[in-house]
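The values are calculated or read from the model by the stated rules, or taken from the named source; none is laboratory data. Bear in mind that the values here come from a model prediction, so they are computed numbers and not experimental data. Neighbour counts run over all protein chains shown; Cβ positions are idealised from the backbone, glycine included. These area figures cover heavy atoms from the full protein model, side chains too; ligands, DNA and RNA do not enter into them. Shrake-Rupley method; radii C 1.70, N 1.55, O 1.52, S 1.80 Å.
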Amino acid sequence: MKNLEYAIVDIETTGGNASHSRITEIAIIIHDGTKVIDRWETLVNPQKEIPTAIFALTGITNEMVRQAPAFDTISDKVFELLSDRVFVAHNVNFDYSFVRHELERAGLKWTAKKLCTVRAARKIKPGMDSYSLGRLCDSLGIELDNRHRAGGDADATAILFTRLLAWDTEKEMDVMIKKTSQDQRLPPNLPREDFELLPEKPGVYYFYDEHNKVIYIGKAVNLKKRVASHFTGHKITAQRQNFLRDIHAITFEVCGTELMALVLECTEIKELWPKYNKALKRFEPKYGLFEYEARNGYRYMAIGKLAKNQGCIETFNSIYDGINLLQELAKQFNIDQRFCKYGSVTDGETPLQTSSENLPDSDFHNDQIQAAIDFYLNSRPSFAIIDKGRTNDENSYIWVENGHFSGMGYIDSDIAINDLSEIKEYITPYKTNHYIMQLISSFAQKNPRKLNIHKNNVDLQIERFDCN
């Protein structure tokens, strides 16, 4: 490292992502591995308004930058100072993404080896209360003047860097600046040990913030490879930068199969609903089959829009699927169409006026409604999907009862299962939802040999297996 030179950089910006925000101040300190040999800083005209929240943090006003140079006029100077030097910053990927993006806007192609002083401090001085620049400087007795200004933060980072070099008896930073080093790809607050523990197996992984709250859940065929993919690439959106900065820990759960991982991911997201998980919202069913008794004493069945947390007999992605099922049940059980409704239904709603001409006996009619509901509920299959486990000594089980996902788990291979219903004694119960049943149904149709129908189900029930 004595032969290398380092550019210690700090910037202030108008916002949190390089694609929509601009640099308002930059400081670059050149370090030869022993001492500071050059220093340069300047305000930068971002050519856009500085938000009030940013002014409150940095103290940089629109008036201060109005006469400052735009970045493209200083781009050659920045490029010269950074070229052939290791790029050093506290939370390096943030500063690096902005500087690289601004240089590209100015027509200059630049890349560099990176060194993150957050990650370096975690390795060389483990166990500190916090690794934010301010609190780390307080703990180490480093004077930090002009906080949240590029020059003040860069000066403090340079002192921290000098001390880390002196403390680095194991030459950790030599390894970190290699282009192949995983450290430079990991989020700044994530311990490398958490990443190294990830196996190359199917499973579910959890990202945690600094308060140990789950902020993201994902599934993987290969846990290590999938998690690593989150940290590669050069996306510079605000969401990605905030996401990476929020990751402070990882845990994982190994699963026997990809299907087990998919189902576990879905149940965990529904239970915890982490802030960065958004995709599953679009899989919520929109319609339901309802049953209610009106003031006239007659029971009705209806297809309508499904409100959040509203109970119903069955759910559907489209209103047409619901209408087809209701028409089929009405035809099979001779239910008068006047008692079948095809619009939205709310609790306590008075149904449309039903003609009193030739109405069936109310008790007989209500029994028909109940028979149709019982038939549908009982015609849904109970079955197990049995597949490989996490080790050779166990099998994985997914149990569906009466058409609804009931639970899953792993059972030792030497345990004899004489009746599929016995599976419930060994597995973990989970709540069902429409999306999980779509996953299970699709898998079962593609892998019929792994499907074990409960022996009490009849052929009619098997025909109703498709729950999409």
Entry for percent of Cα pairs over 41 Å apart (calculated from the structure that is shown) out of (1) 43; (2) 20; (3) 48: (1)
Restricting to DSSP H runs of at least four residues, report the calculated mean residue ellipticity at 222 nm for the chain, -39500 (n - 2.57) per run over all residues, nearest 500 deg cm²/dmol. -10500 deg cm²/dmol
Dipole moment magnitude, nearest 20 debye, the range 100-186 about Cα centre, only Lys, Arg, Asp, Glu C-beta charged: 500 debye
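Among the trypsin sites (Lys or Arg not before Pro) in the range 1-49, which ones are in a DSSP loop with at most 14 other Cβ atoms within 10 Å of the Cβ? Mind listing them?
Details: sites: Lys2, Arg22, Lys35, Arg39, Lys48; in loops: Lys2, Arg22, Lys35, Lys48.
Listed in order of number, the matching sites are Lys2, Lys35, Lys48.
Rounded to a whole number, what % of the accessible area of the chain do carbon and sulfur atoms account for, probe 1.4 Å? Mind showing how you got there, number by number?
Working: 11170 of 23630 Å².
Of the solvent-accessible surface of the chain, carbon and sulfur hold 47 percent.
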Work out the charge dipole of the chain with +1 on the Cβ of Lys and Arg and -1 on the Cβ of Asp and Glu about the Cα centre, then indicate which of Gln47, Ala89, Val175 is farthest towards its positive end. Gln47
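Restricting to the chain, compute how many DSSP beta bridges are antiparallel as a %, nearest 5. Could the numbers behind the result be given before it?
Values: 56 of 65 bridges.
Counting only bridges with both partners in the chain, antiparallel ones make up about 85 percent.
Under the 0.36 nm per residue contour assumption, what length would be gained going from the current alpha-carbon distance of Arg449 and Thr169 to full extension?
Details: separation 280, 0.36 × 280 = 100.80 nm, distance 5.88 nm.
Extra length available between Arg449 and Thr169 comes to 94.9 nm.
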What fraction of the DSSP beta bridges in the range 1-131 is antiparallel, stated in percent and rounded to the nearest 5? 70 percent
Out of Ser130, Phe98, Gly141, whose Cα points farthest toward the positive end of the dipole of the range 67-144 (charges: +1 Lys, Arg; -1 Asp, Glu; placed on Cβ)? Ser130
Quick one: compute the contact order of the chain, relative version, from alpha carbon pairs under 8 angstrom and 6+ residues apart, as a percent. 10 percent
Let me cross-check Met176: its accessible surface, 1.4 Å probe, with only protein heavy atoms counted, in Å² to the nearest 10? 0 Å²
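Please work out the average accessible area per residue across the chain, using the 1.4 Å probe convention, and give it in Å². List each step's numbers first, then the result.
On the way: 23630 Å² over 468 residues.
I get 50 Å² per residue for this part.
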Tell me the relative contact order for the range 100-176 as a rounded percent, counting alpha carbon contacts under 8 Å between residues six or more apart. 28 percent
Taking 23 Å as the cut-off for C-alpha to C-alpha distance, list the pairs among Lys224/Lys450; Lys219/Lys388; Lys125/Lys275; Lys225/Lys431; Lys113/Lys171 that go past it. Lys224/Lys450; Lys125/Lys275; Lys225/Lys431
For helix 150-167, what angle does its Cα long axis make with the longest principal axis of the chain, in degrees from 0 to 90 and rounded to 10? 90 degrees
